[in-house]
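A.B. asks: I'd like to ask some things about the structure below.
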Amino acid sequence: MSRLHELGVFLLRIVTGFIFFVHGWMKWHQGLEETAASFLAMGLPASLAYIVTIVELAGGWAMMLGLGTRLMAAAFAVIMIGAIITVKADAGLLGNGQETGYEFNLALLAMSIHLWLSGSRLWSLDTLVRHLRE
């Protein structure tokens with residue numbers, strides 16, 4: 001991978017990790033019980049709210065640090081597929097005037113899939129650990 005390409009993937013990793021971290025933080029900040037109640041209201045298991053919140057918080061930080069990037073990206077992709085199918089699909093791509101559409105979720109899904117497939121080695125803890133083992 002060229003240095004410029006890896007720099008682009010690095011920026012994608014930072015932005016993706018940050019967005020998921022902030023979404024996890026918002027769920028945590030509003031209260032896990034309230035987040036669980038909102039998941040129930042959408043027809044989802046309340047326990048899923050806890051899992052998604054922790055994955056977004058911890059996974060967002062891990063991704064920004066370049067720790068387990070591919071694993072976190074795969075988890076984020078699953079979350080986005082679930083959000084699109086269970087919550088956003090009925091509103092359509094751009095929304096229906098009452099609810100936002102899934103265009104943002106689709107972009108995050110594509111970003112996550114790219115990071116899952118390619119990884120991101122530039123300025124990552126995974127690379128540092130790999131070099132220390134050599």
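A.B. asks: Would you confirm whether any residue within region 99-118 is in contact with a helix residue (DSSP H, G or I) (Cβ under 9 Å, 6 or more places away or on another chain), charged (D, E, K, R) and under 24 Å from Y50 (Cα atoms)?
C.D. replies: yes
A.B. asks: Give me the residue from region 117-134 that is under 18 Å from L7 (Cα atoms) and assigned to a helix (DSSP H, G or I) and, out of that set, most open to solvent (accessible area, probe 1.4 Å). Before you say what the answer is, go through the steps one by one.
C.D. replies: The initial filter retains those residues of region 117-134 that are under 18 Å from L7 (Cα atoms), namely 117-128.
Adding the requirement that they be assigned to a helix (DSSP H, G or I) leaves 117-118, 125-128.
On the way: L117: 124, S118: 20, L125: 64, D126: 50, T127: 24, L128: 91 Å².
The qualifying residue most open to solvent (accessible area, probe 1.4 Å) is L117.
A.B. asks: Where residues in region 1-21 are of a type in the set (G, A, S) and in a helix (DSSP H, G or I), which of them is most open to solvent (accessible area, probe 1.4 Å)?
C.D. replies: Taking region 1-21 first, the residues of a type in the set (G, A, S) are 2, 8, 17.
Still in the list and also in a helix (DSSP H, G or I): 8, 17.
Values: G8: 38, G17: 0 Å².
The selected residue is G8.
A.B. asks: Quick check on L71: is it part of a helix (DSSP H, G or I), open to solvent by less than 70 Å² (accessible area, probe 1.4 Å), more than 17 Å from V15 (Cβ to Cβ) and modelled with pLDDT of 95 or more?
C.D. replies: Values: part of a helix (DSSP H, G or I): yes; open to solvent by less than 70 Å² (accessible area, probe 1.4 Å): no; more than 17 Å from V15 (Cβ to Cβ): yes; modelled with pLDDT of 95 or more: yes.
It is false that L71 is part of a helix (DSSP H, G or I), open to solvent by less than 70 Å² (accessible area, probe 1.4 Å), more than 17 Å from V15 (Cβ to Cβ) and modelled with pLDDT of 95 or more.
A.B. asks: Okay, moving on. Pull up region 32-68, narrow it to residues that are over 13 Å from the mean Cα position of the chain (by Cα) and among the polar types (S, T, N, Q), then point me to the one that is most open to solvent (accessible area, probe 1.4 Å).
C.D. replies: Per the criteria, the residue is S47.
A.B. asks: If I ask for residues that are open to solvent by 60 Å² or more (accessible area, probe 1.4 Å) and touching a residue at least 40 places away in the same chain (Cβ under 8 Å), which ones from region 95-116 would you list?
C.D. replies: Matches in region 95-116: I113, H114, W116.
A.B. asks: Can we say M80 is touching a residue at least 40 places away in the same chain (Cβ under 8 Å), closer than 24 Å to L11 by Cα and crowded, with 18+ Cβ neighbours inside 10 Å? Working first, answer last.
C.D. replies: Details: touching a residue at least 40 places away in the same chain (Cβ under 8 Å): no; closer than 24 Å to L11 by Cα: yes; crowded, with 18+ Cβ neighbours inside 10 Å: yes.
Criteria not met by M80.
A.B. asks: Would you confirm whether any residue within region 22-31 is more than 30 Å from L122 (Cβ to Cβ), over 14 Å from the mean Cα position of the chain (by Cα) and open to solvent by less than 80 Å² (accessible area, probe 1.4 Å)? Walk me through how you get there before you give the answer.
C.D. replies: Initially, region 22-31 is screened for residues more than 30 Å from L122 (Cβ to Cβ), giving 29-31.
Right, trim to over 14 Å from the mean Cα position of the chain (by Cα) and you get 29-31.
Next, only the ones that are open to solvent by less than 80 Å² (accessible area, probe 1.4 Å) stay: 31.
Among the residues of region 22-31, at least one is more than 30 Å from L122 (Cβ to Cβ), over 14 Å from the mean Cα position of the chain (by Cα) and open to solvent by less than 80 Å² (accessible area, probe 1.4 Å), which makes the answer yes.
A.B. asks: A further question on this structure: Using beta carbons and a limit of 8 Å, which pairs, at least six apart or on different chains, have the first residue in region 1-22 and under 12 Å from M111 (Cα atoms) and the second one surrounded by fewer than 16 Cβ atoms within 10 Å (Cβ to Cβ) and not β-branched (V, I, T)?
C.D. replies: Short answer, once both residue conditions are applied: V9/M1; F10/W123.
The values are calculated or read from the model by the stated rules, or taken from the named source; none is laboratory data. Everything numeric here is computed off the predicted structure, so don't read it as measured data. Because the Cβ atoms are built from the backbone with ideal geometry, glycine has one as well, and the counts that use them run over all protein chains shown. These area figures cover heavy atoms from the full protein model, side chains too; ligands, DNA and RNA do not enter into them. Shrake-Rupley method; radii C 1.70, N 1.55, O 1.52, S 1.80 Å.
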